[in-house]
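Undergrad: The following block contains the structure, expressed as structure tokens.
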Amino acid sequence: MQEATWVFLVTYLATQEEKSELLKTFQALDANGDGKLTREEIIDGFHRILESENPEEDADAILKQLDNNNSGTIDYTEFVVATINRKNLLSKERLETAFKIFDQDGNGYLTADELREIFNPGNAKNIDDEVWSQWIREVDDNSDGRVSLSEFKAMMMKLGK
């Protein structure tokens, strides 16, 4: 839930200014302009920008950490999600905005049904209902079967540390 929320925050609530510098960096690394960073482009970036003793090893570590869809490359979204300033994006206002968007019935709590509808509309990916309930249990500190704003913030603030 934390990672899905993080991607949502980056995609929908990060400012254009925050993403602009990252886009410039990404484009500087993306030598062939295909919107993906290959291992070779990352290694080349280490040679041009950073002084690394073992750029091949560093590139492999970066790919392993950032390539969430296992494509063998890092796409722009993966890059931004990994490199954007977490503390700035995890502001009180942005977390409250995200929570309000997720809280579809406006009752001040997130339920498994609301999460399913936000992150998997119409059950498009056929994710088992138990997954959504498990996510709630992981964040639901007071065991009332739903996630309050304070529980949501506490979960997300763990990312900022």
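The values are calculated or read from the model by the stated rules, or taken from the named source; none is laboratory data. Source: prediction; values computed, not measured. In this analysis, Cβ positions are derived from the backbone assuming ideal geometry, glycine residues included, and neighbour counts consider all displayed protein chains.
Results for (1) out of contact with any His (no Cβ under 8 Å at 6 or more places or on another chain); (2) over 17 Å from L13 (Cβ atoms); (3) exposed (fewer than 14 other Cβ atoms within 10 Å of the Cβ), shown as yes or no for each residue.
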{"site": "I42", "(1), (2), (3)": "yes, yes, no"}
{"site": "L50", "(1), (2), (3)": "yes, yes, yes"}
{"site": "E93", "(1), (2), (3)": "yes, no, yes"}
{"site": "D103", "(1), (2), (3)": "yes, no, no"}
{"site": "T111", "(1), (2), (3)": "yes, yes, no"}
{"site": "I118", "(1), (2), (3)": "yes, no, no"}
{"site": "Q134", "(1), (2), (3)": "yes, yes, yes"}
{"site": "E138", "(1), (2), (3)": "yes, yes, yes"}
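Undergrad: Would you be able to say whether some residue in the stretch 53-67 is out of contact with any Leu (no Cβ under 9 Å at 6 or more places or on another chain), in a loop (DSSP other than H, G, I, E, B) and more than 23 Å from E3 (Cβ to Cβ)?
TA: So far as the stretch 53-67 goes, yes, one or more of its residues are out of contact with any Leu (no Cβ under 9 Å at 6 or more places or on another chain), in a loop (DSSP other than H, G, I, E, B) and more than 23 Å from E3 (Cβ to Cβ).
Undergrad: Going by what's in this entry, would N69 be described as more than 24 Å from S91 (Cα to Cα), outside the structural domain of M155 (by TED's automatic domain parsing) and within 15 Å of the chain's Cα centre (by Cα)?
TA: Numbers: more than 24 Å from S91 (Cα to Cα): yes; outside the structural domain of M155 (by TED's automatic domain parsing): yes; within 15 Å of the chain's Cα centre (by Cα): yes.
The answer is yes for N69.
Undergrad: Taking only the stretch 69-91 into account, find how many residues are in contact (Cβ under 8 Å) with a residue 40 or more places away in the chain, surrounded by 13 or more Cβ atoms within 10 Å (Cβ to Cβ) and within 30 Å of G33 (Cα to Cα).
TA: Going residue by residue through the stretch 69-91, those that are in contact (Cβ under 8 Å) with a residue 40 or more places away in the chain are 75-77, 79-81, 83-90.
Keeping just the survivors that are surrounded by 13 or more Cβ atoms within 10 Å (Cβ to Cβ) gives 75-77, 79-81, 83-84, 86, 89-90.
Next cut, within 30 Å of G33 (Cα to Cα) only: 75-77, 79-81, 83-84, 86, 89.
Summing the residues that are in contact (Cβ under 8 Å) with a residue 40 or more places away in the chain, surrounded by 13 or more Cβ atoms within 10 Å (Cβ to Cβ) and within 30 Å of G33 (Cα to Cα) in the stretch 69-91 gives 10.
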